[in-house]
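All remarks here apply to the structure that follows.
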Amino acid sequence: MPKRPKKTEESLKEAADACLLSESNEGKDAVAESMAESEVSSAEPLAAEENVMEEEAEEETDEEQEGDVVLASESEDSDLESGDEEWDSEAEPPARRPRRTESEGIEETTTSSPVESWKGTDEEDIAPQPLSFRPLRTPGAQLLKGVSYTSLELFQSFLPNSILQTIVINTNKYGQENHKTWRKITLKDLYSYLSMVIYMGLLKVASIGDYWKLSDLYNFPFPVSVMSASKFKRIATSIQMSDPKDDAANNKKKGTADYDRLCKIKPMYEQLRQTCKASYHPQQNIAVDERMVKSKARTGLKQYMKNKRSKWGFKLFVLADSSNGYTWDFTVFEGKNHHQTGNGLGYDTVMDLVTPTVLGTGYKLYVDNFYTSPTLFLDLLEKRIRACGTIRSNKLGSLRLKSGQLNKKSRRGCIRWIREGPIVFVQWKDSRDVLMCSTIHKAHGEETVQRNMKDAEGQWAKESIAIPPAIQDYNTNMGGVDLSDALISYYNVRRKTKRWHRVFFNHFVDIAIVNAFILHKELARAKGQRVMTQKEFRETLVLELQKAGAPARVKHSGPQFLSKHGDACPDAGRAGGAGKGVPVPAGLHLPKYFTPDSTIGRARCVLCSLKTPLGCTVCNKALCFVPGRQCFNLWHDKSNV
């Protein structure tokens, strides 16, 4: 039987050239394997002639149906029909056969081939085609045009009366259950309370009681005009966002999957998220990052983050507008990932916050390395949202093993990059190595940045070095959440409290104030009006809340007498005494004990709110008269008596 002729060099060369025409990486590997098998099989016996003819007929039928070009390695099988040696009768596994894409052509095949190493700036990168920006609403404030809004009206856009009335109802329920002598509060009382809370963020003292002290060191007339110290403390220790009955029912579910860890803040939390989205629509550049709300409350929700200024507190994931820091949406981290998609907490968080059905398409998202992953960026791109962010090296996969990366000896400003489809990975040498991932930018451009570097003589001098476009845009647009955090931290209403849900109440008020202030800036600039600073905006809001709230109740008791200067003694003369308008010498304004026993029948001082057994004989007011608290003299000096 004649032996099978050996393959010539020309036939091997034709087979190698045919491998270069395959479009996918898998096709290349399959052809290379088939070539290696054909060389090894030359020493093996050929199969019967009938089996060979049947296999070739099947291959020709498949090729005609797929419309593929017959490769050189496959065409050689026809020369082996008359071979005397046996041939393997098993058909080649389908996975080893080269596959082709729908569109044929050498150009597409060569461009989709993987890059073997990281490239430098000497090789040009192609910028991605920008997506058309199509938001669902016109970006900016979603308010009536041509209408002038007050600070209070802007604030009510985020905390309307519906939210505040719910808080009033639940606070009264909680107060009646936990206080023996509870006085029901009204919506106006809550306005007065919010006025004082914001005022305390502008003017901070060591103790809450100091705001109502009238002494040489503490003499604040505003708190007395809003509400009493006892009423403020009563509301502050009883503020409740959820129904106490719902809390009791939820506590019974502890340890089960139905237990809601955010039950105490749910009503205000969910409604505030809705009002933040409804009142404003973000611009094209947005950012997602963490926010820490400082707290020492003992609860499982509290987290620790060493890279934050406030290391202990509650973690929030925030979606903010990069242009002005507007908090568009946020979620509270509950300590575990409930979604369990298998892609990590960062992936699930971004997918929850960035929803094209509410935002629109064409947005540019900026995130840090906690969220960045190729899977996330590709899934966002399917939703027509491009992304950019720093990335951790352990998320690079096989790219970490490729050559050409930066090393310790690389000069400052060096750039290395590698592209995999729509994603470009960029390394940049600064004071440390920076690793970026982007579907927005190309690898490098003409952008530069100034850095202090040593020259040849060892002297420090400023020098321009190249910077990738992705890093420059990231530094500009990633600060949206940081800007929002800074605006909140300047005059925040945070006070120490043992109740974790009251920490969130204060923070929700801060979010409403800052977002209202950003709306004020947007509207004022559109009309060409003067823009208030945040301090001025909060001051105006405090006064408007005071007017909208309940006025302070000042007890009027005792007759009204004229002083030695002819002025009426304030808050005197409503009942009893010598009668209205009767002039009395100033010397009769003397301190007097209420009862013979100073330990019985004490009353609250009208200035310092501390208990005292003394009062004025004419004004009929409880006033301290001890070395440390001479409220009696302060009261009459203030009244010019």
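The values are calculated or read from the model by the stated rules, or taken from the named source; none is laboratory data. Since we're looking at a predicted model, the values are computed, not measured. Neighbour counts run over all protein chains shown; Cβ positions are idealised from the backbone, glycine included. We work out accessible area using only protein heavy atoms, side chains counted, and drop any ligands, DNA or RNA first. Shrake-Rupley method; radii C 1.70, N 1.55, O 1.52, S 1.80 Å.
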For residue 470, state whether it is over 30 Å from residue 147 (Cβ atoms), in contact with a Cys (Cβ under 6 Å, 6 or more places away or on another chain) and either touching a residue at least 24 places away in the same chain (Cβ under 8 Å) or part of a loop (DSSP other than H, G, I, E, B) (or both). yes
Close pairs (7 angstrom Cβ cut-off, 6 or more residues apart or separate chains): among the basic types (Lys, Arg) in the range 516-528, in a loop (DSSP other than H, G, I, E, B) anywhere: 521/531; 525/531
Considering each residue of the range 586-638, count those that are open to solvent by 40 Å² or more (accessible area, probe 1.4 Å) and over 19 Å from residue 215 (Cβ atoms), and give that number. 16
Residue count, the range 219-265, condition open to solvent by 50 Å² or more (accessible area, probe 1.4 Å), more than 19 Å from residue 549 (Cα to Cα), part of a helix (DSSP H, G or I) and of a type in the set (D, E, K, R), comes to 3
May I ask you to list the residues in the range 159-168 that are assigned to a helix (DSSP H, G or I) and surrounded by 14 or more Cβ atoms within 10 Å (Cβ to Cβ)? 163, 164, 166, 167, 168
Test: residue in the range 372-384 that is among the basic types (Lys, Arg) and either over 17 Å from the mean Cα position of the chain (by Cα) or over 19 Å from residue 288 (Cα atoms) (or both): yes
All but one of (1) closer than 30 Å to residue 509 by Cβ; (2) open to solvent by 70 Å² or more (accessible area, probe 1.4 Å); (3) modelled with pLDDT of 80 or more hold for residue 551; which doesn't? (3)
With the requirement that a residue be aliphatic (A, V, I, L, M) and within 14 Å of residue 246 (Cα to Cα), what does the range 168-183 give you? 169
Can residue 341 be described as crowded, with 18+ Cβ neighbours inside 10 Å and in a loop (DSSP other than H, G, I, E, B)? no
In the range 122-158, anything outside any strand (DSSP E or B), under 21 Å from residue 386 (Cα atoms) and open to solvent by less than 90 Å² (accessible area, probe 1.4 Å) is listed as 125, 127, 128, 131, 132, 133, 137, 139
Grab the strands (runs of 3 or more DSSP E) fully contained in the range 267-336, keeping just those with 1 or more residues being buried (at least 20 other Cβ atoms within 10 Å of the Cβ) and small (Gly, Ala, Ser). 285-294, 312-321
Unique match (being closer than 25 Å to residue 374 by Cα and either aliphatic (A, V, I, L, M) or free of Cβ contacts under 8 Å to residues at least 60 places away in the same chain (or both)) among 456, 461, 443: 443
Per the filter on the range 514-541, residues β-branched (Val, Ile, Thr) and either open to solvent by 40 Å² or more (accessible area, probe 1.4 Å) or touching a Leu at 6+ places or on another chain (Cβ under 7 Å) (or both) are 514, 531, 533, 540
Would you confirm whether or not the range 404-421 contains a residue that is in contact with a Pro (Cβ under 7 Å, 6 or more places away or on another chain), modelled with pLDDT of 90 or more and aromatic (Phe, Trp, Tyr)? no
Those residues of the range 607-641 which are among the small types (Gly, Ala, Ser), in contact (Cβ under 8 Å) with a residue 24 or more places away in the chain and farther than 16 Å from residue 590 by Cβ, in sequence order: 609
Assess whether residue 355 counts as being under 18 Å from the mean Cα position of the chain (by Cα), at pLDDT below 95 and surrounded by fewer than 16 Cβ atoms within 10 Å (Cβ to Cβ). yes
Considering 192, 207, which residue is open to solvent by less than 30 Å² (accessible area, probe 1.4 Å), over 29 Å from the mean Cα position of the chain (by Cα) and closer than 24 Å to residue 489 by Cα? 192
